[in-house]
1. Take the residues in the range 179-201 that are touching a helix residue (DSSP H, G or I) at 6+ places or on another chain (Cβ under 7 Å) and touching a residue at least 60 places away in the same chain (Cβ under 8 Å), then tell me which one is surrounded by the fewest Cβ atoms within 10 Å (Cβ to Cβ).
2. Hey, which of the strands (runs of 3 or more DSSP E) in the range 180-270, taking only ones fully inside, have at least 1 residues that are under 19 Å from the mean Cα position of the chain (by Cα) and within 29 Å of residue 112 (Cβ to Cβ)?
3. Regarding residue 55, is this residue closer than 28 Å to residue 111 by Cα, more than 16 Å from the chain's Cα centre (by Cα), touching a residue at least 40 places away in the same chain (Cβ under 8 Å) and crowded, with 19+ Cβ neighbours inside 10 Å?
4. How many of the residues making up the range 58-89 are within 21 Å of residue 267 (Cβ to Cβ), touching a helix residue (DSSP H, G or I) at 6+ places or on another chain (Cβ under 7 Å), in contact (Cβ under 8 Å) with a residue 12 or more places away in the chain and surrounded by fewer than 20 Cβ atoms within 10 Å (Cβ to Cβ)?
5. Which residues, counting only those in the range 225-256, are at pLDDT 95 or above, surrounded by fewer than 16 Cβ atoms within 10 Å (Cβ to Cβ) and under 24 Å from residue 193 (Cα atoms)?
6. Do we find a residue being out of contact with any helix residue (DSSP H, G or I) (no Cβ under 7 Å at 6 or more places or on another chain) and more than 26 Å from residue 116 (Cα to Cα) anywhere in the range 143-163?
């Protein structure tokens, strides 16, 4: 099984076999201290559970991954295709100190010990690792970001910044809303076809007046288009909307909820 589910001291999280060389993880809603409706491992800043509970949730989740939450770098997502190159100066932004950037849905770095963190409550998340040049990326790719090509653009940005070659990259696509639950009007399929061409049709199903869209499949297609090898890409295959016991889903719960995160970091001291 390419994705593994783990449980320890009440925390439940997932990892991808393809990324086992480095610290990473996809959180669930289990194992934190936040009260309802953010129960319990909410990792979204600015919610009603308060900063103390948020910090404790980060401490718990990062500790179980062997990471230092005080060095986390959080995205500032607006469903764009904007990418930030993260440096040591960004350590702690979004959790311990304010972010001085906006409209950032993907983060890349080659600095060890900087956990790149992106959020999701149905949207796709993609973690990237270049084992040759020791660089990483974390991408939030909902349908708007997917249509804007943020995954392919992040691969290209890693190439420009660090010399990463697509064929050497490893990628993991985390839990997101599946085609079983991602029911849309025609605007989403139209955007995907405009971006990817006819190949997008393989990930779109018509059911009556509505469309069902395979977001993970489309993000995977962007990775292949960028030059990644299929055997170096793993997809969780888990639908967040189908599993309210494990995940928050914007589609099913609206705004009164927490969020999951996808985190990746380069090891220090290598």
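1. 181
2. Values: elements: 204-207, 210-213, 233-235, 260-264.
Counting at least 1 such residues, we get 233-235, 260-264.
3. Details: closer than 28 Å to residue 111 by Cα: yes; more than 16 Å from the chain's Cα centre (by Cα): yes; touching a residue at least 40 places away in the same chain (Cβ under 8 Å): yes; crowded, with 19+ Cβ neighbours inside 10 Å: no.
The answer is no for residue 55.
4. 2
5. Passing the criteria: 227, 229, 230, 237.
6. Among the residues of the range 143-163, not one is out of contact with any helix residue (DSSP H, G or I) (no Cβ under 7 Å at 6 or more places or on another chain) and more than 26 Å from residue 116 (Cα to Cα), which makes the answer no.
The values are calculated or read from the model by the stated rules, or taken from the named source; none is laboratory data. Only a predicted model underlies this, so the values are computations on that prediction, with no experimental measurement involved. No Cβ is skipped: glycine too gets one built from the backbone with ideal geometry, and neighbour counts run over all protein chains shown.
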